[in-house]
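Below is one structure, written out as C-alpha cells, with a few remarks after it.
What follows is calculated from the coordinates using simple rules that are stated; it is not laboratory data. In this text the structure is predicted, and so the values were computed from the model without any measurement. Note that we place each Cβ from the backbone using ideal geometry, even for glycine, and neighbour counts take in every protein chain shown.
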Amino acid sequence: MPQPQLADSISNLDRTPVLEARGLTRRFGGLIAVNNVSFSVNEGEIFGLIGPNGAGKTTLFNLVTGLIHPSNGQMLYQGDEISKLRPHQIAKKGIARTFQNIRLFADLSALENVMIAQHIHTKSGVFTGVLGLPPAPREEQKTRSRAFELLELVGLSDRADEKASNFPYGDQRRLEIARALALEPSVLLLDEPAAGMNPNEKQQLSDFIRQIRQQFNLTILLIEHHVPLVMGLCDRIAVLNFGQLIAIGNPADVKSDQAVIEAYLGTD
Ligand SMILES: Nc1ncnc2c1ncn2[C@@H]1O[C@H](COP(=O)(O)OP(=O)(O)OP(=O)(O)O)[C@@H](O)[C@H]1O
Ligand SMILES: [Mg+2]
C-alpha cells in the first residue's frame with residue numbers, strides 16, 4: 001500500500017477529517033460485505049471508491065448515510081460518531097447522496113423532485129406537504145426559485161415541469177445530483193453518476209463535479225467504474241475487493257498497485 005508523503009502527513013495532522021471510517025464492518029448473514037475498513041476523507045477532496053462488482057462500495061455508502069448500520073466499527077463525521085443515526089439525521093448534518101438505482105419520485109416533475117428535498121431546511125418541513133397543508137407562500141416561492149436555480153445548474157431547467165420518469169437515464173442522474181444539492185450538503189456521495197451516459201456526457205459530468213466542488217465547497221465521494229473518469233477526477237482513490245480495502249492513495253499509485261491490477265484493473 002502506498003505511504004502518504006511526509007509533507008502531507010504533517011499538514012494533515014491538525015485537521016479533523018470530514019469523514020472517517022474506523023474498522024467499519026457490515027455482515028449480511030454469512031457474507032461480510034464490508035470488512036474492517038478504515039480510511040479518512042479530507043475536506044475538499046474528491047475521493048474515489050472503486051472495485052469489482054459486489055466489492056461492497058454501495059454498502060459502504062449505505063453505512064455512511066445511515067441506510068444500514070455497521071455490524072462493527074464506526075463512521076465519524078467531523079469527529080462525531082454518526083453510525084447510529086438515521087438517514088434523515090445524517091442528511092441534516094450535511095451528507096447527501098445519489099443512488100446507483102435512481103430513486104426519484106417518478107410521477108413528480110423535475111422541479112417538484114428538487115423542491116421536496118429542500119423541505120429538510122424549510123420551517124414548514126416535509127409534513128406540511130404530506131398533510132396537505134399549504135406552506136407559507138413566501139417560503140414556497142423561495143423553495144421554487146432555488147429548485148429552479150439548481151435545475152439550471154445541472155442543465156435541466158428548460159424541462160422543469162416534465163415528469164422525472166420521462167427523462168433519459170443520464171438526465172435522471174443529473175436530476176438526482178440537483179436534488180442532493182438542494183440539501184445544501186457539505187459532503188456529497190455519488191454512486192455511479194456516469195452510468196448510462198455517453199463519452200461526451202461523461203466528460204461534461206467530470207467537469208461539472210469539479211465545478212460544484214468549487215462552487216459549494218464540497219467534499220465528494222465518488223463510486224465509478226469508468227476508470228479514466230476516476231483517475232482524471234479524484235484526488236485519492238480507495239479500492240475495495242471482497243469487502244476489504246486493498247489500496248488507497250493518489251491515482252498514479254493506485255493505478256500501478258499490483259493487488260489492484262490483479263483484482264480490478266487488469267493488465268490492459
Ligand atoms: N441488503 C443486503 N442484504 C444482503 N446482501 C447484501 C445487501 N446489500 C448488499 N449485499 C451484498 O453485499 C455485497 C456487496 O454489495 P454492494 O452492492 O455493496 O457491491 P458494489 O461494490 O456496490 O457492487 P456494484 O459495482 O455491482 O454496484 C454483495 O455480495 C451484495 O449481494
Ligand atoms: Mg454498487
ask   = In Å, the Kirkwood hydrodynamic radius of the chain over pairs of distinct alpha carbons?
value = 19.4
Anchor Lys142: lysines whose Cα lies under 26 Å away (excluding residues fewer than 8 positions away in-chain) = Lys92, Lys93, Lys123, Lys163
ask   = What's the FRET efficiency of Lys92 with Phe28 using the Cβ-Cβ distance as r and R₀ = 30 Å, to the nearest 0.05?
value = 0.65
query = Roughly what would the spin-label model give for Gln78 and Asn101, points 7 Å off Cα along C-beta, in nm?
reply = 3.3
query = Highest mean first, what order results for 99-108, 165-174 on Cβ atoms within 10 Å?
reply = 165-174, 99-108
query = Anyone know which of Pro193, Pro228, Pro185 comes out most mobile in the 10 Å Cα GNM of the chain?
reply = Pro228
inquiry  = Report the rotationally averaged projected area of region 215-255 based on its alpha-carbon convex hull, in square nanometres.
reply    = 3.4
Region 105-115 - phi-based ³J(HN,Hα) in whole Hz, Karplus 6.51/-1.76/1.60, Gly and Pro as x = 7, 4, 8, 8, 6, 4, 4, 5, 4, 6, 4
Extension gain from Ser165 to Ser256, taking 0.36 nm per residue of separation minus the Cα-Cα distance = 28.6 nm
Spacing of the two label points (7 Å from each Cα toward its C-beta) at Ser71 and Asp158, in nm = 5.1
query = Taking every DSSP beta bridge that has both residues in the chain, what percent is antiparallel when rounded to the nearest 5?
reply = 55
note = If the chain between Leu265 and Asn53 were fully extended at 0.36 nm per residue, the gain over the current Cα-Cα distance would be 75.1 nm
remark   = Per-residue ellipticity at 222 nm attributable to helices in the chain (runs of n ≥ 4 DSSP H, -39500 (n - 2.57) apiece, nearest 500 deg cm²/dmol) works out to -10500 deg cm²/dmol
Degrees between helix 137-153 axis and first principal axis of the chain (Cα, 0 to 90, nearest 10) = 50
query = Using a basic spin-label model with each label point 7 Å from the Cα along Cα→Cβ, how many nm lie between Thr16 and Phe242?
reply = 3.7
request  = Return one number: the angle in degrees, 0 to 90 and rounded to the nearest 10, between the long axis of the Cα atoms of helix 169-181 and the longest principal axis of the Cα atoms of the chain.
outcome  = 80
key: Amide H within-cut-off set for Leu221, under 5 Å, with H built and near neighbours excluded   = Phe47, Leu188, Leu189, Leu190
